[in-house]
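S.K.: Here you go, one structure.
Since every read-out is calculated from the coordinates, none of them should be taken as a lab result. Computed from a predicted model, the values in this text were never measured in an experiment. With ideal geometry, Cβ positions are generated from the backbone for all residues, glycine too; neighbour counts draw on all protein chains shown.
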Amino acid sequence: MSKRIGFIGLGNMGSPMAINLHKAGFDVTVYNRTADKAKVLGEQGLQVAESLEDAVREKDVVITMLSNDEAVEQMIVGDGGVLDYMEAPTILVDMSTISPDTSCTLAEAAREMGITMVDAPVSGSTNAAESAGLVILYGGPRDVFDELAEMFAAMGKASLYFGENGSGSKAKLVINLLLGMTMQGISESLVLAEKFGLERTTVLDMMQQAAVSSPFLGFKRPSLETEAYPAAFALKHMHKDLGLVLEQARHNGSILPATAAAYQSYTAAMNHGLDEQDMAVVFAELLNQSGVSKK
Ligand SMILES: NC(=O)c1ccc[n+]([C@@H]2O[C@H](COP(=O)([O-])OP(=O)(O)OC[C@H]3O[C@@H](n4cnc5c(N)ncnc54)[C@H](OP(=O)(O)O)[C@@H]3O)[C@@H](O)[C@H]2O)c1
């Protein structure tokens with residue numbers, strides 16, 4: 001019998017992930033705080049929970065894919081939250097990007113109730129979520145990782161086992177530090193190019209031919225060329241992630257001066273109301289600060 005999955009959080013990432021589980025033959029019931037997003041998936045054949053309880057009861061696995069620490073805490077240990085309804089042996093899999101400390105605290109709260117909770121955030125944006133091309137970064141018991149392999153394979157091209165609870169969340173901060181800095185680096189190069197008066201399209205051609213090119217640059221190129229930034233990965237989430245990186249660095253003594261500087265750019269963009277746009281909008285922020293007006 002295929003696993004019964006309760007999927008909570010149908011944002012830019014959660015919706016395509018839930019659809020891929022459904023397509024792979026899992027028995028998926030979806031729930032979202034804003035009910036309209038669940039209704040859309042109902043039209044595609046997924047079961048829509050009538051309540052959070054409905055999404056959690058009698059499931060083999062419950063997945064959460066939510067914005068940030070606050071949302072995950074509220075949903076899992078808040079009043080009327082997931083743990084109020086969950087019973088062993090259902091496994092709780094949080095795939096959101098949150099602090100490793102919060103992942104561990106929540107896993108402990110679950111453990112006290114006899115529930116196994118693991119962290120399994122993902123690398124890859126909406127395009128990877130849609131094509132089941134995510135990389136799943138796992139922290140938790142090894143035997144549970146093995147048990148969830150088929151489910152992860154329905155959403156991703158690879159699953160990586162990092163170790164005990166919190167390790168998946170740590171790995172996610174490692175990769176997103178690089179992502180945030182890459183966007184900052186591309187943006188700064190492009191700002192200099194604008195100031196030189198170089199043609200942006202030709203500069204992007206050069207970047208894509210150079211050794212520093214990356215698939216990421218290809219994904220973001222349309223936004224950088226047109227200065228339109230529909231959110232695949234909202235800037236507010238990258239701002240959150242770099243904040244989590246710096247918080248961890250404060251505790252463990254990592255010296256990350258360039259990350260701290262990049263965080264300032266993302267903060268400035270937040271201050272200017274760009275939070276809901278794609279993270280690539282940090283380029284627009286730097287252009288603006290450099291006195292270059294929108295084309
Ligand atoms: N987008 C990406 O490229 C990407 C890539 C890798 C990882 N991530 C991470 O994956 C997670 C989800 O990202 P996303 O892009 O899908 O975000 P999103 O589009 O902003 O969706 C966020 C989801 O969280 C729910 N939510 C927020 N606050 C809540 C609360 N207090 N209670 C209940 N539900 C709440 C939202 O519900 P409503 O619909 O009701 O607002 C929505 O379902 C984030 O941690 C992000 O950092 C994103």
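S.K.: Would you mind pulling out the separation of the Cα centroids of segment 36-88 and segment 189-267, in Å?
M.R.: That distance is 33 Å.
S.K.: I need the calculated FRET efficiency for the pair residue 112 and residue 212, taking r as the beta carbon distance and R₀ as 45 Å, to the nearest 0.05.
M.R.: Details: r = 48 Å, r/R0 = 1.06.
Step by step, r from the Cβ atoms, then E = 0.40.
S.K.: Over 25 Å between Cα atoms: which of 220/294; 170/240; 172/195 fall into that group?
M.R.: Values: 220/294 17 Å; 170/240 14 Å; 172/195 35 Å.
The pairs that break the limit, which is 25 Å between Cα atoms, are 172/195.
S.K.: For segment 208-295, what's the radius of gyration and Dmax over Cα atoms, in angstrom?
M.R.: 14.1, 43
S.K.: Now a separate question. Which whole number of Å³ per residue matches the convex hull of the alpha-carbon atoms in the chain? Write down the numbers at each step before the final one.
M.R.: Numbers: hull volume 40.8 nm³, N = 295.
Spread over its residues, the Cα hull of the chain gives 138 Å³ apiece.
S.K.: Turning to a different aspect of this structure: Assigning unit charges at the beta carbon (Lys, Arg +1; Asp, Glu -1) and nothing else, what dipole magnitude in debye, to the nearest 20, does segment 4-163 show about its Cα centre?
M.R.: Working: 10 positive and 24 negative charges, 118 e Å.
The calculation lands at about 560 debye.
S.K.: Along the Cα→Cβ direction, 7 angstrom out, place labels at residue 24 and residue 50. What is the inter-label distance in nm?
M.R.: Rounded to a tenth, the inter-label distance reads 3.0 nm.
S.K.: Any number yet on Rg/Rh for segment 4-163, C-alpha, Kirkwood? Before the final figure, lay out each step's value.
M.R.: On the way: Rg = 14.0 Å, Rh = 15.2 Å.
Answer for segment 4-163: 0.92.
S.K.: Which order do the peptides 275-281, 202-208, 134-140, 227-233 come out in when sorted by mean C-beta neighbours inside 10 angstrom, highest first? Mind showing how you got there, number by number?
M.R.: Working: 275-281: 22.0, 202-208: 14.9, 134-140: 25.0, 227-233: 16.9.
Highest to lowest by the protection proxy: 134-140, 275-281, 227-233, 202-208.
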